[in-house]
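Following: one structure in C-alpha cells, then a few remarks.
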Amino acid sequence: MPKLTKPLTNTEVKQARPRDKVYTLSDGEGLQLRVKPNGSKLWLLDYRRPYTKKRTSLSFGSYPDLTIAEARKKRTEARALLAKNIDPKEYREEQSRISENAFNNTLEYIARQWLEVKKATISADHATDTQRSLELHIFPDMGNVPIHKITAMKAIDTLKPIAAKGNLETIKRLCQRLNEIMVYAVNTPASLTATRSQGSARRFKGLQTTSAHTQARRAASAAHPDHSQHQTHHPLPNRVATPHNGEAQ
C-alpha cells in the first residue's frame with residue numbers, strides 16, 4: 001500500500017525556513033514546495049511523462065504569489081491532463097505558442113495576406129484602391145488589434161466617422177472587405193489555429209445589413225440631415241462565404 005502524504009498546512013508553508021541546501025515539502029499527489037537557500041519558495045508538480053515515463057517537474061509559480069489552494073487547483077488540472085495521456089508541460093507550451101501567434105496575427109497582418117491572395121482575381125487598380133482604403137480607414141484604429149479580438153461592434157465604431165460624412169458607398173465597400181478578411185482568417189492555415197481557438201468567427205459574425213448599414217445611416221443622418229434624405233440606399237452585403245468572392249468595384 002502506497003504511503004499517504006499528509007497535506008501541508010498554510011502555517012507549514014509560511015514558516016518553511018531556508019537551509020544550506022534546497023529541500024522540498026510534499027503536499028501529496030506530486031505537488032511539492034521547493035525551498036531554496038535564498039528563501040524563495042516555488043510550487044512544483046513532480047510527475048512521470050506519458051509514454052516515456054521519465055520523471056520531470058512542472059513549475060506552477062512562487063509562494064506567496066500563488067497560494068496553497070491555487071497550487072492545488074493547478075495540480076488537479078495537470079493530473080486531469082495526465083489522465084488523458086497529455087503531458088501538462090507540453091500542453092502549457094502549446095497553449096503559450098497559440099496565444100503568442102494569436103496576438104501576432106493582427107488585423108493588418110492578416111489583411112495584407114488576404115490582399116495578396118485577392119490580387120490574383122482583381123485588377124491592379126482595384127488592388128491599389130482596396131489597400132489604400134484599408135490603410136486610410138481601417139488600419140489606423142484596428143490594424144494593430146489581434147484578429148481574434150475584432151468584433152462587429154469594434155468595426156462599426158471605426159466606420160462611424162466615415163458614415164457621419166455621408167460616405168455610405170465607402171462604408172459598403174469597407175464592410176465587404178472586412179467580412180472577406182475575417183473569413184480568410186478562419187480558413188487559412190497561417191492563422192487558422194489562432195483565430196479558431198479564440199473564437200473570432202463567432203465574435204465577429206460578419207457585418208450585417210441590420211447592424212453596420214443601419215448604424216452608419218443613423219450616424220450620417222445625425223451629421224447631415226438634409227443630405228441623408230436624398231441618399232440612395234445601398235444595403236450592405238451579408239457575410240461572404242469565401243475569401244475569394246468578388247466585391248463591388
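The values are calculated or read from the model by the stated rules, or taken from the named source; none is laboratory data. These figures come from a predicted structure and were not determined experimentally. We place every Cβ from the backbone using ideal geometry, glycine too, and count neighbours over all the protein chains shown.
What to note about this one:
- Residue within the stretch 81-91 that is among the aromatic types (Phe, Trp, Tyr), within 28 Å of Arg173 (Cβ to Cβ) and surrounded by fewer than 18 Cβ atoms within 10 Å (Cβ to Cβ) present: no
- The residues of the stretch 78-91 that are closer than 20 Å to Arg34 by Cα and within 25 Å of the chain's Cα centre (by Cα), listed by number, are Ala78, Pro88, Lys89.
- For the stretch 127-141, the criterion of a residue being at pLDDT below 90 and in contact with a Lys or Arg (Cβ under 9 Å, 6 or more places away or on another chain) is satisfied by no position.
- Annotation: of all residues in the stretch 1-58 being of a type in the set (A, V, I, L, M, F, W, C) and in a loop (DSSP other than H, G, I, E, B), the one that is nearest to the chain's Cα centre (by Cα) is Leu8.
- Per-region count, the stretch 159-179, residues in contact with an Asp or Glu (Cβ under 6 Å, 6 or more places away or on another chain) and surrounded by fewer than 17 Cβ atoms within 10 Å (Cβ to Cβ): 0
- In the stretch 20-50, residue surrounded by the most Cβ atoms within 10 Å (Cβ to Cβ) [restricted to those that are closer than 17 Å to Glu70 by Cα and aliphatic (A, V, I, L, M)]: Leu31
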